[in-house]
1. Scan the range 47-101 for residues that are among the charged types (D, E, K, R) and at pLDDT below 60 and jot them down.
2. Please identify the pairs in which a residue from the range 106-134 that is within 28 Å of S23 (Cα to Cα) and in a loop (DSSP other than H, G, I, E, B) has its Cβ atom under 6 Å from the Cβ atom of a residue that is modelled with pLDDT of 75 or more and among the small types (G, A, S), counting only partners at least 6 apart or on another chain.
3. Inside the range 14-32, can you point out the residues that are over 20 Å from E121 (Cβ atoms), part of a helix (DSSP H, G or I) and under 22 Å from the mean Cα position of the chain (by Cα)?
4. Among the residues of the range 1-52, which ones are of a type in the set (K, R) and either touching a residue at least 12 places away in the same chain (Cβ under 8 Å) or on the phi > 0 side of the Ramachandran plot (or both)?
5. Do the conditions hold for T42, that is, is it at pLDDT below 80, within 19 Å of K82 (Cα to Cα) and out of contact with any strand residue (DSSP E or B) (no Cβ under 7 Å at 6 or more places or on another chain)?
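The values are calculated or read from the model by the stated rules, or taken from the named source; none is laboratory data. Note that the structure is a prediction, hence the values are computed from the model and not measured. As a convention, Cβ positions derive from the backbone with ideal geometry for all residues, glycine included, and neighbour counts pool all protein chains shown.
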Amino acid sequence: MSLTLTPAQCARAASAYRALLRSQRLTFKGDELALKAAHQQTRILFNRFIPSSSASRSPFASQNPLVPPPQLAPKDELTPEKVDEHIDGAFEIAKFLRTNVVQGVRTDEGNYALRIHEETERGDNDTVKQPKPLDIPAGNEGVRRRRRRRDGEAQEAVPVGCCGGAGAA
């Protein structure tokens, strides 16, 4: 039995695929090797988890004979609900690539310059500078602990030398 996608699922899958390709083009702009690898991986995963008419053959058969044809995911992974989860995951990956991944390019001086674009998420470090809240049990606010002697215990006086060692007697 083969899984048939609804027209809505087909449209969402195509939209997710295009969103991934756009995010990859933006993130890996100028790096043809990384861009090609990302596109190939996207095709393989889409053919594995989101079945289509081309899922039974390799999308790279004529281009690269070393790439094995994609195998479909196990039948329990190819339910309409799981396909929807994979489509949602593709949209999340596309957003993550656009907003959180930047490309580092080596400069002539040997340093790296980050290629930050308009969609890159820029956070401030104000939350890092704030102290973490302490977990204080209820009723113990403002209580200072100190070492107390039990009643009746006398503490012997120990001579102390100049560096904390025992003094000469």
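1. Within the range 47-101, R57 is the sole residue that qualifies.
2. T107/A113
3. Step one: filter the range 14-32 for residues over 20 Å from E121 (Cβ atoms), giving 14-18, 21, 30-32.
Now drop any that are not part of a helix (DSSP H, G or I), which leaves 14-18, 21, 32.
Residues satisfying the conditions are A16, Y17, R18, L21.
4. R12, R22, K29, R43, R48 - these are the residues of the range 1-52 that are of a type in the set (K, R) and either touching a residue at least 12 places away in the same chain (Cβ under 8 Å) or on the phi > 0 side of the Ramachandran plot (or both).
5. No, not satisfied.
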